[in-house]
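Notes follow once the structure below has been shown.
The values are calculated or read from the model by the stated rules, or taken from the named source; none is laboratory data. The structure presented is a predicted model; accordingly, all values stated were derived computationally and were not measured. Because the Cβ atoms are built from the backbone with ideal geometry, glycine has one as well, and the counts that use them run over all protein chains shown. What goes into the accessible areas is simple: the full protein's heavy atoms, side chains included, and nothing from ligands, DNA or RNA. Shrake-Rupley method; radii C 1.70, N 1.55, O 1.52, S 1.80 Å.
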Amino acid sequence: MSGAPRVLVADGDRPREGGPDRAVVEVAVGVLVRDDGTFLLTSRPEGKVYAGYWEFPGGKVEAGETIEQALRRELQEEIGIVIGAVHPWRVELVDYPHALVRLNFCKVHEWTGGLHMHEGQSFAWQALPVRVQPVLPGTVPVLRWFAEERGFDGATHVG
Ligand SMILES: Nc1nc2c([nH]c(=O)n2[C@H]2C[C@H](O)[C@@H](COP(=O)(O)OP(=O)(O)OP(=O)(O)O)O2)c(=O)[nH]1
């Protein structure tokens, strides 16, 4: 993969290249947090860009869907759970060579069903610092937000 992705801090920022016509791909992302504070990371399946990288589960919003609807669908399709309340958390724009994506991170504290990785992913419940690697570039800021929230000092992940 050529070129480093650029994480843009606010969703009003302009991408560096591609110009204003470059379409923004909306992505719904679920940050599942257990009562003990651990959060779920999954590995990207073979055949996708950044295969093997760790991320929060989710996927692209389809035409006509809200972020919440997309998140409910993706988490059921990909990891086999039915989620309860969805709490929008932070939005991040990432300028990858393959796409300009807007990541809509939502916290989820309740769900039903056991975890079933339907796309052959691996999963890991993690705390800070995250031990699995490599972490997807667009996922790293989320770890910093957790660190700020939790008063955690030091590296948020390995590598
Ligand atoms: N799910 C998820 N995607 C992320 C995170 N961080 C990050 O940069 N991304 C990027 C990677 C991809 O460019 C995009 C998600 O698209 P995707 O290809 O995984 O979506 P999808 O499951 O709908 O895939 P597809 O089968 O339709 O191709 O968002 C994250 O934490 N979780």
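Things worth noting here:
- Rounded to the nearest 10 square angstrom, Ser43 shows an accessible area of 10 square angstrom against a 1.4 Å probe.
- Where the chain is the region considered: accessible area per residue in Å², 1.4 Å probe: 51
- For the chain, the longest site-free run once GluC sites (Glu not before Pro) in DSSP loop states with at most 14 other Cβ atoms within 10 Å are removed: 111-159
- The chain, helix-only ellipticity at 222 nm - DSSP H runs n ≥ 4, -39,500 (n - 2.57), divided by all residues, nearest 500: -4500 deg cm²/dmol
- Portion, in percent, of the accessible area of the chain that falls on carbon or sulfur, probe 1.4 Å: 50
- Taking the empirical scaling 2.2 N^0.38 Å for compact globular proteins as reference, the chain has a Cα radius of gyration ratio of 1.00.
- Potential lengthening between Val158 and Arg90 on full extension [0.36 nm per residue; Cα-Cα distance subtracted]: 22.2 nm
- Dipole of the chain, positive direction: furthest Cα of Pro57, Leu115, Ile81, with charges on the beta-carbon: Pro57
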